[in-house]
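> Got a structure here, written out as structure tokens. Questions coming.
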Amino acid sequence: MERSEELLVQKRFLDLSRLADRKGMVLFSNFLNLNEQSLFHQIVPDLKTAYQLSGGYEFAERQMVAFLPDAPYYMGDDSVSAVDFPIVCLHFHPSHPKFAETLSHRDVLGSLMGLGIERSRIGDIRLEGQDSYIFCEESISDYILQSLEQIRRTAVTGTPVNACACRFAQRFETLNGIVSSGRLDSIVAFALKISRDKSASYIQAQKVFVNEKAITSNAYLCREGDRISIRGSGKYIYGGSSGETKKGRMKIVLKKYS
């Protein structure tokens, strides 16, 4: 994304905050990807309102921002009561399971794009066996239910569901390793099994996000519980250090989203 585009994205956030403040009503952004969330966090001090983020369920990557004019201003989203986000979860399953194909995230997203829907109006897509769960803006949920009849060559049937009742089980793969330090370039190098020089190039290209914020410093020190996303390469939770080797190197734990 060019710098001019980034500034336009940030201006849109500021405009929504000002409008919410002026009208005294809650306003929402579209679904934001990690880069857009990082741009949002950069302008938080300039907001006219409080805010809260949600993607419709715990661990969601793509999230909306709610701009809250009546809430006390704060620098995060933990001190404000739950907001009713206009997010709907749609459950699609094969109409004829016996003849169903194995579908991928790309298959489902491609079918949605084929309906003429903008990517910003679709949140996360979760695949659980033969079932697909699509998080989307409430205003387009009926259109998707009426129009999405097939994914690839598999006929599907959809119904709205309560996302909270689904209780998606986030699965993790535990990775134990040894690094020279808790610096971000060391952690990324270990996660991707690449050199530190290569990991530094990922960081400097703004492909690495920590807690939804793009980090461009190789020397950023990771803290236990940090959520690390590497664009195109996966998501992790840094579990901290589990001790040192005899040579003084750090033993670390990473939990990789699977």
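Read the figures in this text as sums done on the coordinates, not as results from a lab. What you see is a predicted model, and the numbers here were worked out from it, not measured in a lab. Glycine gets a Cβ as well: all are built from the backbone with ideal geometry, and neighbour counts include every protein chain shown.
> Please rank D15, D84, fewest neighbouring Cβ atoms within 10 Å first, as an exposure proxy.
D84, D15
> Ok, one more. Return the single residue from G232, G24, G158 with maximal mean-square fluctuation; model: Gaussian network over the chain, springs between Cα atoms under 10 Å.
G232
> What translational diffusion coefficient, to the nearest whole µm²/s, does the chain have by Stokes-Einstein, given a Kirkwood radius computed over alpha-carbon pairs, a temperature of 37 °C and 0.692 mPa s viscosity? Intermediate values should be presented prior to the final figure.
On the way: Rh = 20.2 Å.
Reported coefficient: 162 µm²/s.
> I'd like to know which of T174, Y143, T49 lies farthest towards the positive end of the charge dipole of the chain, counting +1 on Cβ of Lys and Arg and -1 on Cβ of Asp and Glu.
With unit charges placed on the Cβ atoms, the residue in question is T174.
> Work from the charge dipole of the chain (Cβ charges, +1 for Lys and Arg, -1 for Asp and Glu, about the Cα centre) and give the residue of G123, A219, L103 farthest towards its positive end.
Of the candidates, A219 comes out farthest on the positive side.
> If I build a Gaussian network model for the chain, linking alpha-carbon pairs within less than 10 angstrom, which residue out of Q63, Q206, Q130 has the largest mean-square fluctuation?
Q130
> Right, next: Only Lys, Arg, Asp and Glu count, each charged at its Cβ (+1, +1, -1, -1), so figure out the dipole size of the stretch 172-257 about its Cα centre, rounded to 20 debye.
That gives the stretch 172-257 a dipole magnitude of about 160 debye.
> For the chain, modelled as a GNM with alpha-carbon contacts under 10 angstrom, which of E58, E137, E173 fluctuates the most?
E173
> At what distance in nm do the modelled label points of L127 and V253 sit from each other, each positioned 7 Å from its Cα along Cα→Cβ?
Going from the L127 label point to the V253 one covers 3.0 nm.
> How far apart, in nanometres, would the label points at M113 and E2 be if each is projected 7 angstrom from Cα along the Cα-to-Cβ direction?
Each label point is offset 7 Å from its Cα along the Cβ direction, giving 2.2 nm.
> With labels modelled as points extended 7 Å from the Cα through the Cβ direction, what inter-label distance (nm, one decimal) is found for L192 paired with S147?
Result for the modelled spin labels: 3.6 nm.
> Mind sorting V9, V188 by how few other Cβ atoms lie within 10 Å of their own Cβ, fewest first?
Ascending Cβ contact count within 10 Å gives the list V9, V188.
> Please rank Y220, Y236, fewest neighbouring Cβ atoms within 10 Å first, as an exposure proxy.
Taking fewest neighbouring Cβ atoms as first place, the list is Y220, Y236.
> Something else about it: Show me 142-149, 180-187 ranked by packing, highest mean number of other Cβ atoms within 10 Å first.
Details: 142-149: 15.5, 180-187: 21.0.
Per-residue mean Cβ counts within 10 Å order the peptides as 180-187, 142-149.
> Find, to one decimal place in angstroms, the Kirkwood hydrodynamic radius of the stretch 3-68, where the mean of 1/r is taken over every pair of different Cα atoms and then inverted.
11.9 Å
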